[in-house]
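Trainee: Below are the structure tokens for one structure; questions will follow.
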Amino acid sequence: MRPTNLKTKIFLDGGDADETRAIIKQLGFLDGQTTNPTLISKNPGAKKRLERGEKFTEKEIYEFYRGVVTTISGLMPQGSISVEVYADASTSADAMVKQGKDMYSWIPNAHIKFPTSREGLRAAEQAVKEGLRVNMTLCFSQEQAAAVYAATRGAGKGEVYVSPFIGRIDDLGENGMDVIENILSMYRKGDGHVAVLTASVRTMDHLLYALKLGSDIITVPYGILKAWGEKGMPIPGNEYHYDAKSLKPIPYRDIDLGRRWDDYDIRHDLTDKGMEHFSADWNALIQTRKKKVA
Ligand code: E4P
């Protein structure tokens with residue numbers, strides 16, 4: 001059962017409903033799930049189909065994604081399920097909103113994931129106005145999180161998540177956990193309409209430290225969540241020390257949350273690379289249209 005002193009929401013990071021079932025059975029609770037194009041491409045059903053040499057048509061892959069999230073939603077009707085739009089460097093905000101609205105209609109408990117890029121923020125601003133819940137993905141900096149706050153001003157509590165990707169920041173040799181700590185501190189000056197969702201969790205220590213910092217939500221891959229359950233779902237107290245090893249610290253910046261979203265320094269290489277990677281994984285599932293022979 002859910003530990004009584006657990007304030008953070010625990011999500012599963014994955015694209016396979018069997019894992020969702022197993023974790024709910026093991027922990028006795030789950031607050032939500034995040035999916036993304038890469039995780040859907042790793043779904044055993046999708047992998048089997050590709051191994052048979054059969055790719056999906058564009059219509060089929062959306063039907064497949066819809067099927068996966070519908071099953072997960074049924075397992076967790078009270079939880080939040082994040083569903084990600086397709087976005088490459090040329091996808092416009094309007095195209096993202098159009099996809100987002102369609103995906104939002106798939107299940108009653110969706111948060112729609114848009115990238116924390118210029119077009120993604122534009123899409124989020126529009127989507128929130130139209131009443132959609134959003135999860136801003138591929139966030140790597142405090143400035144980007146300030147832009148998310150500004151673009152979604154007016155949204156209600158629980159309607160907006162920002163997902164800083166700590167593992168991918170660590171991969172650069174910088175301390176990803178500092179970004180979580182800095183965003184949480186910055187948001188304390190705000191109205192609380194954006195929840196911090198710690199993502200790209202790679203280790204048990206990422207999970208434990210995010211719990212200690214009081215991240216609103218943490219999304220955790222199956223193996224780490226299972227191991228946390230096996231340890232009795234520990235929640236670290238003041239005695240816990242996170243060892244950042246040789247990772248370079250990222251200092252806190254005093255950023256004013258009152259500016260327009262496009263006044264912030266939004267661009268980040270990892271956001272661009274992440275979009276490239278997600279769209280490539282998605283496109284690899286789809287059969288390319290045969291060119292007409294004249
Ligand atoms: C979840 O919302 C993210 O898409 C996920 O945590 C990314 O993790 P990765 O950096 O391991 O791909």
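Trainee: What's the total number of residues in the range 1-22 that are open to solvent by less than 50 Å² (accessible area, probe 1.4 Å), over 20 Å from the mean Cα position of the chain (by Cα) and of a type in the set (A, V, I, L, M, F, W, C)? Reasoning before the result, please.
Mentor: Just the residues of the range 1-22 that are open to solvent by less than 50 Å² (accessible area, probe 1.4 Å), to begin with: 3, 6, 8, 10-17, 20, 22.
When the remaining residues are screened for being over 20 Å from the mean Cα position of the chain (by Cα), the result is 3, 6, 22.
Now narrow it down to the ones that are of a type in the set (A, V, I, L, M, F, W, C): 6, 22.
Residues in the range 1-22 being open to solvent by less than 50 Å² (accessible area, probe 1.4 Å), over 20 Å from the mean Cα position of the chain (by Cα) and of a type in the set (A, V, I, L, M, F, W, C): 2 in total.
Trainee: Related question: With the requirement that a residue be under 13 Å from the mean Cα position of the chain (by Cα) and either of a type in the set (S, T, N, Q) or open to solvent by 20 Å² or more (accessible area, probe 1.4 Å) (or both), what does the range 23-59 give you?
Mentor: 33, 34, 35, 36, 38, 39
Trainee: Please verify whether residue 235 is open to solvent by 40 Å² or more (accessible area, probe 1.4 Å), hydrophobic (A, V, I, L, M, F, W, C) and under 23 Å from residue 26 (Cβ atoms), treating the condition exactly as stated. Explain how you work it out, then say what you get.
Mentor: Working: open to solvent by 40 Å² or more (accessible area, probe 1.4 Å): yes; hydrophobic (A, V, I, L, M, F, W, C): yes; under 23 Å from residue 26 (Cβ atoms): yes.
It is true that residue 235 is open to solvent by 40 Å² or more (accessible area, probe 1.4 Å), hydrophobic (A, V, I, L, M, F, W, C) and under 23 Å from residue 26 (Cβ atoms).
Trainee: Report, by residue number, each residue of the range 196-216 that is among the β-branched types (Val, Ile, Thr), open to solvent by less than 30 Å² (accessible area, probe 1.4 Å) and more than 10 Å from the ligand (Cβ to nearest atom).
Mentor: 196
Trainee: Taking the residues in the range 142-183 that are away from the ligand (no atom under 16 Å from the Cβ) and of a type in the set (D, E, K, R) as candidates, determine which candidate is farthest from the chain's Cα centre (by Cα). Steps first, please.
Mentor: The initial filter retains those residues of the range 142-183 that are away from the ligand (no atom under 16 Å from the Cβ), namely 142-143, 146-147, 149-159, 178, 181-182.
Still in the list and also of a type in the set (D, E, K, R): 143, 153, 157, 159, 178, 181.
Numbers: 143: 18, 153: 20, 157: 17, 159: 14, 178: 18, 181: 17 Å.
My answer is 153.
Trainee: So, residue 187, is that one away from the ligand (no atom under 13 Å from the Cβ), farther than 26 Å from residue 125 by Cα and of a type in the set (Ser, Thr, Tyr) or not? Give the steps one after another, and end with the answer.
Mentor: On the way: away from the ligand (no atom under 13 Å from the Cβ): yes; farther than 26 Å from residue 125 by Cα: no; of a type in the set (Ser, Thr, Tyr): yes.
Taking the combined requirement at face value, the residue does not satisfy it.
Trainee: Contact list please: Cβ distance under 8 Å, first residue in the range 207-234 and acidic (Asp, Glu), second residue more than 12 Å from the ligand (Cβ to nearest atom) and part of a loop (DSSP other than H, G, I, E, B), pairs at least six apart or on different chains.
Mentor: These pairs meet every condition: 216/8.
Trainee: Oh, and also: Test each condition in (1) of a type in the set (Lys, Arg); (2) open to solvent by 90 Å² or more (accessible area, probe 1.4 Å); (3) under 23 Å from the mean Cα position of the chain (by Cα) for residue 248 and report the one that comes out false.
Mentor: (3)
Trainee: Mind checking which pairs have a first residue in the range 83-101 that is farther than 11 Å from residue 279 by Cα and in contact (Cβ under 8 Å) with a residue 12 or more places away in the chain and a second that is more than 16 Å from the ligand (Cβ to nearest atom) and among the polar types (S, T, N, Q), Cβ under 7 Å, 6 or more apart or different chains?
Mentor: Pairs found: 93/126; 97/126.
Trainee: Still on this model: Only one of (1) more than 16 Å from the ligand (Cβ to nearest atom); (2) hydrophobic (A, V, I, L, M, F, W, C); (3) in contact with a strand residue (DSSP E or B) (Cβ under 6 Å, 6 or more places away or on another chain) is not met by residue 27, so which one is it?
Mentor: The number of the failed condition is (3).
Trainee: May I ask you to list the residues in the range 126-141 that are more than 16 Å from the ligand (Cβ to nearest atom) and surrounded by 24 or more Cβ atoms within 10 Å (Cβ to Cβ)? Walk me through it before giving the result.
Mentor: Restricting attention to the range 126-141, the residues satisfying the condition of being more than 16 Å from the ligand (Cβ to nearest atom) are 126-132.
127, the sole residue that qualifies.
Trainee: Let me ask you something else. So, in the range 102-125, of the ones that are free of Cβ contacts under 8 Å to residues at least 60 places away in the same chain, more than 21 Å from residue 11 (Cβ to Cβ) and in a helix (DSSP H, G or I), which residue ends up least open to solvent (accessible area, probe 1.4 Å)?
Mentor: Selected residue: 123.
Trainee: Right, something else. When you scan the range 1-79 for helices (runs of 4 or more DSSP H) that lie fully inside it, which ones turn up with 3 or more residues that are without any contact (Cβ under 8 Å) to a residue 40 or more places away in the chain? First the steps, then the outcome.
Mentor: Details: elements: 17-27, 37-41, 44-51, 58-75.
Here the list reads 44-51, 58-75.
Trainee: Please enumerate the residues belonging to the range 143-182 that are over 26 Å from residue 88 (Cβ atoms) and part of a helix (DSSP H, G or I).
Mentor: Selection gives 177, 178, 180, 181, 182.
The values are calculated or read from the model by the stated rules, or taken from the named source; none is laboratory data. Keep in mind it's a predicted model, so treat the numbers as computed, not measured. Quick reminder, even Gly has a Cβ in these numbers, built from the backbone with ideal geometry, and neighbours come from all protein chains shown. SASA here: full protein model, heavy atoms, side chains in, ligands and nucleic acids out. Shrake-Rupley method; radii C 1.70, N 1.55, O 1.52, S 1.80 Å.
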